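First up is the structure itself, then whatever we jot down about it.
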Amino acid sequence: MADQDRFARALLALARGLGRVARERARESDVTPQQAETLQLIAERGSLSTSTLATLLGIDPSTASRNLSGLERTGLIARQKGSDDGRQTDVRLTPRGRRAAVSVGTGANSAFGSLLEKVPRAERARVIDALETMAKVVESGDSD
């Protein structure tokens, strides 16, 4: 149980710290942290349906739709009816949205690079390996 407690405390501290970094980088790009994450997902994966985006973000489809409405109003994304299913809406970045996604990504790389510099050089590969393993676990949904 001691390992689980240590692990939980470390993850919670990491989550708080990453949340702070996300809020700072979003502020610099004039978007909310969730909008920044949305822009980056669309940039990474290309055109996505609203429901797929909601699933990837771990939010309700109605929340995703409201989030997208704000991005659409500011000209960062465009929505269109899905080609396969008329009930589905596909989302893509506009040229302005691509620039914003690059800006958010550059800010994240810079912020995370600064964090990595604080990890002793001899431990960096081990830390990166552990983070990649955790990312796979979290992305696969095997958190129980």
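Details
- From the list Gly113, Gly70, Gly75, the one residue that fits, being assigned to a loop (DSSP other than H, G, I, E, B) and free of Cβ contacts under 8 Å to residues at least 60 places away in the same chain, is Gly75.
- Of the candidates Leu12, Leu76, the single residue that is farther than 30 Å from Ala130 by Cα and modelled with pLDDT of 90 or more is Leu76.
- Any hit, the stretch 83-92, residues being of a type outside the set (Lys, Arg), within 15 Å of the chain's Cα centre (by Cα) and surrounded by fewer than 18 Cβ atoms within 10 Å (Cβ to Cβ): no
- The residues of the stretch 19-61 that are part of a helix (DSSP H, G or I) and small (Gly, Ala, Ser), listed by number, are Gly19, Ala22, Ala26, Ala36, Ala43, Ser51, Ala54.
One line per residue, one yes/no per condition, for (1) surrounded by fewer than 13 Cβ atoms within 10 Å (Cβ to Cβ); (2) over 16 Å from the mean Cα position of the chain (by Cα):
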| residue | (1), (2) |
| --- | --- |
| Leu41 | no, no |
| Thr52 | no, no |
| Ser69 | yes, yes |
| Glu72 | no, yes |
| Gly75 | yes, yes |
| Pro95 | yes, yes |
| Ala101 | no, no |
| Gly113 | yes, yes |
| Arg121 | yes, yes |
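Condition check ((1) at positive phi; (2) touching a residue at least 24 places away in the same chain (Cβ under 8 Å); (3) of a type in the set (A, V, I, L, M, F, W, C)) across all residues:
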| position | (1), (2), (3) |
| --- | --- |
| Ala2 | no, no, yes |
| Asp5 | no, no, no |
| Leu12 | no, no, yes |
| Ala15 | no, no, yes |
| Gly19 | no, no, no |
| Glu24 | no, yes, no |
| Glu37 | no, no, no |
| Arg45 | no, no, no |
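- Here Ala8 meets the list (1) in contact with a Gly (Cβ under 9 Å, 6 or more places away or on another chain); (2) not in a loop (DSSP other than H, G, I, E, B) almost entirely, failing just condition (1).
- Condition check for Gly107: more than 22 Å from Leu12 (Cα to Cα), at pLDDT below 90 and within 16 Å of the chain's Cα centre (by Cα): yes
- Pairs where the first residue, in the stretch 92-107, is hydroxyl-bearing (Ser, Thr, Tyr) and the second is buried (at least 17 other Cβ atoms within 10 Å of the Cβ) and not in a helix (DSSP H, G or I), C-beta under 8 Å, 6+ apart: Thr94/Leu76; Thr94/Ile77; Ser103/Ser29
The values are calculated or read from the model by the stated rules, or taken from the named source; none is laboratory data. Bear in mind that the values here come from a model prediction, so they are computed numbers and not experimental data. Glycine also receives a Cβ, built like all others from the backbone with ideal geometry; neighbour counts cover every protein chain displayed.
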